[in-house]
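Worksheet: one structure, shown below.
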Amino acid sequence: MNYNELKNISIKQLKGVGEKNAALFARLGIESVYDLISYYPRAYKKLPALCKVCELKEGEVCAVKLKVSDDLYFKKTASNAVTSVTGFDSTGKVLMTFFRVTYLRSMLKTGSEWVFMGVVKRKGRNFAFEMPEIHKTYEYIENLKNLQPVYHLTKGINSKSIAKYVTGSINELGPFEDKLDPEIIKKFGFPSLSRALSDIHFPINEEDYIFARNRLAFEEFYDFFIQLNEIKKNYNRLKSEYVFLETAEYERFKSIIPFELTAGQNNALNDIVSDLTGGFVMNRLIQGDVGCGKTIVAFLAALLCASNGYQCAFMAPTEVLAAQHFTKFKDLIERYKLNLNISYLSGSTTQTARKEILNDLSLGSINLIVGTHALIEDNVEFENLALVITDEQHRFGVLQRNILSDKGNKPHILSLSATPIPRTLASVYYTDLQVSLIKDKPSCRIPIKTGLRSSQNRVEGLRFLYSKVKLGQQAIVVCPMIEENEDTNLSNVTDYAKYLKELMPDDIKIGVLHGRMKNNEKNRIMQYFANNDINILVSTTVIEVGIDVPNATVILIENAERFGLATLHQLRGRVGRGSLESYCILINGSGKEEENDRLNVMLESEDGFYIADEDLRLRGPGDLTGIRQSGDMHFKIADMYRDRELFVKAKEYADKKYL
């Protein structure tokens, strides 16, 4: 079967997945069987060997096969349901307590035998479990053969359930056809696609995991470069249909900007002007660190386009970021009386306003449109679109960027990215683009002070955060998880927000933001924060892109050891956007000294390119974590830093198809 065909099979078609479970899966972004099988584990655990009651050790995770006694007790109240029962073997007994699990009365029949696994406690002279996992004996013995997957979860679904449906889908719908050429599979010793998918979820050992992960990562890179080569064919030194000149309007504004452009900004601007006036279609990336001033360079390019009589489209990945760009651009246009007719289009634009904007765009009376993905909708038409600018370009898929450019007659393309990629990888990743680097920052930028704390010193960090909030400033707290999951002690947004509400005075307004929210809800929360209606925003890494709040001066990042350095640097860039001194507090939740060594790189430098290089140097082949932690690019399991050799090789083989 073709693996991609699984995208057309709804998760609801799997046996046992009703409407309720389908809704839970949807919260994880799983709507098809393809989504399910490609929902890779975040980590793995090895089940403990079965032992006798007499071999149990207090404080350790143990598994023991027990017969159920006849003393089951169940009590239900308005807020809870408690089940207690005793299990025994030939060497002793274990007291077990369960909360909010009502079905156990019918499951734990007297004399039935199960494997119970959990942290061993003492209750008087007896051993005890609280909320142990319950396994069928034969299933547990079978699962001892493999490492067990641990997935990112949502309330109401556990890793065991996901693993069950993954196993059933692979067994019933496989084997899957291999897309990779047999030559590549043989050259790298890759397993088949079916074997790789099975082993990435249920590896017997670390070696099987690595083989499976390498196969899937290579295929992601390979598909990316195949797609990129298709696009490059269309943009290879195409003659431009648009004639650009350096206009008086452009020169006037450039001369009266109330600040001096840095050397990097000037160099990038010169590259852009040279491209636009050179007679060929521009396809250029401005790659610059957070706060380096890419946006004003892009605005100058838009002004040059509009003053030559053409239209420019500026697309940003979130409504809040797009709205912030629109507000800034509109202010510049009005303050300096520029001949630009600017408008804004997003998913929340009213139907009446949308109709008027679409009409004006098609007639050419709007010469600068700022917006979100709404700009690529079918009914958006331009009269003479000559320049397409995408901000945070890696947040848009290749096809999304292509759809916008197809709305013009081979328009010039300008992309902006604050993701610092080491030059060794950028030369491969950006082969379809000309790259302008902005490595310096405006002199008005105040360096962000960064500190590293252990979880034991968290309160000290929160006390400092509160001292700034009391002064009228705002703060951000970043957690790696949305809600509490099984087998993890990581900080989560849901519980952390509750903790802060109990800790802080009632007048401190606390907001919550995470990727599972609907777009309009996320935009609403970010707008509240931008308007200072929220004092402390508790968020996942969704905050990494899409918010520019000058009044936000403190960011505290929990479990900083869980993130790549490049992601930490991007998160740090959410503060320090204004004239106030700003701070970043990193909390190492692991307590491991080796993590401090890595995180200290953040204290050494604010240079994103240096940090990215160090990130590349410090990352080894990685441990058993199936899903990348870096947060950059659009790869599901591949990581262009950790998998740099596969990255380069995938490009090499993808390019062979075009020789």
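Within the range 347-366, can you find the residues that are buried (at least 21 other Cβ atoms within 10 Å of the Cβ) and either acidic (Asp, Glu) or part of a helix (DSSP H, G or I) (or both)?
Correct list: 361 only.
Counting only residues that are without any contact (Cβ under 8 Å) to a residue 40 or more places away in the chain and either buried (at least 19 other Cβ atoms within 10 Å of the Cβ) or farther than 30 Å from residue 655 by Cβ (or both), how many does the range 165-190 have?
Result for the range 165-190: 4.
Can you confirm whether the range 42-59 contains a residue that is of a type in the set (Gly, Ala, Ser), surrounded by 13 or more Cβ atoms within 10 Å (Cβ to Cβ) and within 30 Å of residue 196 (Cβ to Cβ)?
yes
Among (1) within 21 Å of residue 548 (Cβ to Cβ); (2) touching a strand residue (DSSP E or B) at 6+ places or on another chain (Cβ under 6 Å), which single condition is residue 332 missing?
Answer for residue 332: the failing condition is (2).
Tell me yes or no: at least one residue of the range 121-128 is out of contact with any helix residue (DSSP H, G or I) (no Cβ under 8 Å at 6 or more places or on another chain), more than 30 Å from residue 12 (Cα to Cα) and among the polar types (S, T, N, Q).
yes
For the range 80-97, what are the residues that are hydrophobic (A, V, I, L, M, F, W, C) and surrounded by 18 or more Cβ atoms within 10 Å (Cβ to Cβ)? Talk me through it step by step, then tell me what you get.
Restricting attention to the range 80-97, the residues satisfying the condition of being hydrophobic (A, V, I, L, M, F, W, C) are 81-82, 85, 88, 94-96.
If the condition is that a residue be hydrophobic (A, V, I, L, M, F, W, C) and surrounded by 18 or more Cβ atoms within 10 Å (Cβ to Cβ), then 85, 94, 95, 96 are the ones that fit.
Out of 57, 109, 15, 45, I need the residue that is over 21 Å from residue 483 (Cβ atoms), of a type in the set (Lys, Arg) and touching a strand residue (DSSP E or B) at 6+ places or on another chain (Cβ under 7 Å). Which one?
Just a single option satisfies the conditions, and that option is 109.
When the residues of the range 31-65 are narrowed to those that are in a helix (DSSP H, G or I) and among the aliphatic types (A, V, I, L, M), which ends up farthest from residue 139 (Cα to Cα)?
It comes out as 33.
Which condition breaks for residue 440 when tested against (1) touching a residue at least 40 places away in the same chain (Cβ under 8 Å); (2) assigned to a helix (DSSP H, G or I)?
Result: residue 440 passes all but (2).
Are there any pairs, at least 6 apart or on different chains, whose C-beta atoms fall under 6 Å, with the first in the range 580-605 and in the same structural domain as residue 481 (by TED's automatic domain parsing) and the second of a type in the set (S, T, N, Q) and in a loop (DSSP other than H, G, I, E, B), and if so, which?
Between residues of the range 580-605 that are in the same structural domain as residue 481 (by TED's automatic domain parsing) and residues that are of a type in the set (S, T, N, Q) and in a loop (DSSP other than H, G, I, E, B), the close pairs are 589/559.
Among residues belonging to the range 221-251 that are part of a helix (DSSP H, G or I) and buried (at least 21 other Cβ atoms within 10 Å of the Cβ), point out the one that is modelled with the highest pLDDT.
Residues of the range 221-251 part of a helix (DSSP H, G or I): 221-235, 248-251.
With the extra rule that they be buried (at least 21 other Cβ atoms within 10 Å of the Cβ), the set shrinks to 221-222, 224-225, 250.
Numbers: 221: 91, 222: 92, 224: 85, 225: 86, 250: 95.
This residue is 250.
Being aromatic (Phe, Trp, Tyr), loosely packed, with under 12 Cβ neighbours inside 10 Å and modelled with pLDDT of 90 or more is the filter here; which residues of the range 102-156 pass it?
Listed by number, the list holds a single entry, 138.
Condition first: more than 30 Å from residue 441 (Cα to Cα) and aromatic (Phe, Trp, Tyr). Can you find one or more residues in the range 325-334 that meet it?
no
The values are calculated or read from the model by the stated rules, or taken from the named source; none is laboratory data. Here the structure is a predicted model, which means the values were calculated and not measured. Every residue, glycine as well, gets a Cβ built from its backbone with ideal geometry; the counts of neighbours run over all protein chains shown.
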